[in-house]
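Structure, as structure tokens:
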Amino acid sequence: MKAAVPCYYHLDVELSPEKVGQVKRIVAAHLRYWNLENLVESVCHCAEALLRTIEQHSADKNTTIEMWWNGQHLIAAVSDNSQDIRPHKEPQGCLAQIAALSDGWGCCATDVGGKIIWFSWRARAAEHAPLDPPVPAPSLREARRTPRYTELPEPVLAGSRDESEAVPARG
């Protein structure tokens with residue numbers, strides 16, 4: 001089994017309708033690069049829903065997308081500087097989609113008055129990869145000891161000739 005290496009991705013983008021699709025493809029490419037093909041559809045759907053909502057309703061289009069993968073959990077976060085979208089006790093719209101597709105989600109305020117909406121997925125049993133690398137296999141030198149002394153057999157010459165025999169030269 002391949003050991004998981006902790007991964008992080010960060011992207012700052014000023015949203016426009018065409019950039020939402022570009023960011024979705026970038027997120028998908030990073031998930032595939034991290035061998036998380038099975039999460040591409042749900043993560044991209046959640047990210048796209050948030051980005052489209054921000055792009056349509058927010059005055060400030062500057063947005064940050066971050067993803068963390070530690071071998072057991074994937075956490076994706078989308079943050080902006082706008083207070084236009086606030087989650088309610090009962091998620092609605094894109095937040096309801098995120099709640100349905102992810103294992104967990106939440107929202108918190110930033111220092112500049114914006115918000116961060118995050119969502120996460122746990123690795124399933126078949127997807128789990130340990131963070132500790134496996135112990136390396138011994139090298140050939142360690143696996144087989146070199147004998148200190150060995151007798152080599154006498155070389156056998158194929159079809160030895162008598163030295164008195166002359167070999168005719170062709171030319």
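The values are calculated or read from the model by the stated rules, or taken from the named source; none is laboratory data. It should be emphasised that the depicted structure is a prediction, and the values quoted were computed from it without experimental measurement. FYI the Cβ positions are ideal-geometry reconstructions off the backbone, even for glycines, and counts take in every protein chain you see. Please note that ligands, DNA and RNA were not included when accessible areas were found on the heavy atoms of the full protein model with its side chains. Shrake-Rupley method; radii C 1.70, N 1.55, O 1.52, S 1.80 Å.
No other residue among G71, G93 is over 17 Å from E48 (Cβ atoms), under 33 Å from the mean Cα position of the chain (by Cα), at pLDDT 75 or above and surrounded by 10 or more Cβ atoms within 10 Å (Cβ to Cβ) apart from G71. Being open to solvent by 40 Å² or more (accessible area, probe 1.4 Å), under 23 Å from C44 (Cβ atoms) and outside any strand (DSSP E or B) is the filter; apply it to the stretch 100-112 and report the residue that is modelled with the highest pLDDT. The selected residue is D103.
Kindly provide the set of residues from the stretch 42-66 that are part of a helix (DSSP H, G or I) and under 15 Å from the mean Cα position of the chain (by Cα), ordered by number.
The answer is V43, C44.
Evaluating V5 against the criteria (1) buried (at least 18 other Cβ atoms within 10 Å of the Cβ); (2) over 17 Å from I116 (Cα atoms) leaves one unmet condition, (1).
Among the numbered conditions (1) open to solvent by 30 Å² or more (accessible area, probe 1.4 Å); (2) out of contact with any Cys (no Cβ under 9 Å at 6 or more places or on another chain); (3) modelled with pLDDT under 90, the only one that S58 does not meet is (1). The one condition from (1) touching a Cys at 6+ places or on another chain (Cβ under 8 Å); (2) at pLDDT below 90; (3) closer than 23 Å to G113 by Cβ that W34 does not meet is (3).
All of (1) of a type outside the set (F, W, Y); (2) at pLDDT 90 or above; (3) touching a Gly at 6+ places or on another chain (Cβ under 6 Å) hold for V20 with one exception: (3). The residues of the stretch 20-55 that are closer than 14 Å to W68 by Cα, open to solvent by 20 Å² or more (accessible area, probe 1.4 Å) and touching a residue at least 24 places away in the same chain (Cβ under 8 Å), listed by number, are H30, W34, N35.
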